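> Quick one: the structure is below, questions incoming.
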């Protein structure tokens with residue numbers, strides 16, 4: 001029986017679907033973004049990693065974050081390990097906070113995700129600065145805002161395959177008791 005206000009029970013995500021979303025995020029990140037779009041482009045790999053670390057912390061580990069990070073390092077042509085370390089740190093923080101974050105609405109979750117994305121971007125910036133890079137300016141952090149704004153849409157999209165089809169018998173019996 002479904003009670004009003006009770007959280008919806010979702011099927012567990014398959015490892016294939018998690019892998020598919022991670023590869024999709026990687027491919028979107030590696031598209032040739034230019035100009036203003038580059039400043040506002042969220043880090044889709046980071047969003048996917050954070051989503052699965054929050055929703056399915058036992059199915060996504062540090063190895064996935066590290067490997068995805070190394071692929072992004074190679075794809076972006078930056079210091080090797082920069083994304084890998086930041087993604088691993090972000091996944092760690094998301095796993096630690098996953099029970100807390102899941103209690104909130106999607107928009108309140110987005111505020112937590114904004115802080116996690118800022119942690120990732122700041123970590124990568126510090127590594128870049130220690131490697132001799134220059135500060136890219138405050139627009140470097142705009143992608144964190146767009147990533148947080150995408151969080152509710154991304155969450156609903158990724159949860160679609162986990163929602164079960166309504167059972168006609170349970171709907172009928174719940175409404176006529």
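> Of everything in the stretch 1-37, what is part of a helix (DSSP H, G or I) and modelled with pLDDT under 90? Give them in sequence order.
So the first thing to find is which residues in the stretch 1-37 are part of a helix (DSSP H, G or I), and the list is 15-29, 36-37.
The answer is 36, 37.
> Looking at the stretch 94-110, which of its residues are over 13 Å from the mean Cα position of the chain (by Cα) and either surrounded by 20 or more Cβ atoms within 10 Å (Cβ to Cβ) or closer than 26 Å to residue 127 by Cα (or both)?
Of everything in the stretch 94-110, those that are over 13 Å from the mean Cα position of the chain (by Cα) and either surrounded by 20 or more Cβ atoms within 10 Å (Cβ to Cβ) or closer than 26 Å to residue 127 by Cα (or both) turn out to be 96, 97.
> State whether the residues of the stretch 11-23 include one that is surrounded by 13 or more Cβ atoms within 10 Å (Cβ to Cβ) and within 23 Å of residue 128 (Cα to Cα).
No, the conditions are met nowhere in the stretch 11-23.
> List, please: which pairs have Cβ atoms under 8 Å, are six or more places apart or on different chains, and start with a residue in the stretch 11-32 that is free of Cβ contacts under 8 Å to residues at least 40 places away in the same chain and end with one that is in a loop (DSSP other than H, G, I, E, B) and surrounded by 14 or more Cβ atoms within 10 Å (Cβ to Cβ)?
Here the result reads none, with nothing in the stretch 11-32 linked to a residue that is in a loop (DSSP other than H, G, I, E, B) and surrounded by 14 or more Cβ atoms within 10 Å (Cβ to Cβ).
> Here is a list: 89, 119, 114, 60. Which entry is modelled with pLDDT of 95 or more, within 20 Å of residue 156 (Cα to Cα) and within 16 Å of the chain's Cα centre (by Cα)?
Working: 89 fails: within 20 Å of residue 156 (Cα to Cα); 119 fails: within 20 Å of residue 156 (Cα to Cα); 60 fails: modelled with pLDDT of 95 or more.
None of the others qualify; the one that does is 114.
> Would you point out the residue of the stretch 72-88, among those that are assigned to a helix (DSSP H, G or I) and out of contact with any helix residue (DSSP H, G or I) (no Cβ under 6 Å at 6 or more places or on another chain), that is surrounded by the most Cβ atoms within 10 Å (Cβ to Cβ)? Outline the logic, then answer.
Quick first cut of the stretch 72-88, residues assigned to a helix (DSSP H, G or I) only: 72-76, 82-88.
Retained after the next criterion (residues that are out of contact with any helix residue (DSSP H, G or I) (no Cβ under 6 Å at 6 or more places or on another chain)): 74-76, 85.
Values: 74: 12, 75: 14, 76: 13, 85: 19.
Among those that are assigned to a helix (DSSP H, G or I) and out of contact with any helix residue (DSSP H, G or I) (no Cβ under 6 Å at 6 or more places or on another chain), it is 85.
> Of the residues 91, 113, which is buried (at least 20 other Cβ atoms within 10 Å of the Cβ) and in contact (Cβ under 8 Å) with a residue 60 or more places away in the chain? Talk me through it step by step, then tell me what you get.
Details: 91 fails: in contact (Cβ under 8 Å) with a residue 60 or more places away in the chain.
Testing whether each residue is buried (at least 20 other Cβ atoms within 10 Å of the Cβ) and in contact (Cβ under 8 Å) with a residue 60 or more places away in the chain leaves just 113.
> Do any residues in the stretch 56-79 that are free of Cβ contacts under 8 Å to residues at least 24 places away in the same chain have Cβ atoms under 6 Å from those of residues that are surrounded by fewer than 16 Cβ atoms within 10 Å (Cβ to Cβ) and in a loop (DSSP other than H, G, I, E, B), where the two are at least six apart or on different chains, and which pairs are they?
As it stands, the answer is 73/80, since those pairs meet every condition given.
> Are any residues in the stretch 76-86 modelled with pLDDT under 95 and within 19 Å of residue 31 (Cα to Cα), and if so, which ones?
76, 77, 78
The values are calculated or read from the model by the stated rules, or taken from the named source; none is laboratory data. Quick caveat: nothing in here was measured; it's all calculated off a predicted structure. Every residue, glycine as well, gets a Cβ built from its backbone with ideal geometry; the counts of neighbours run over all protein chains shown.
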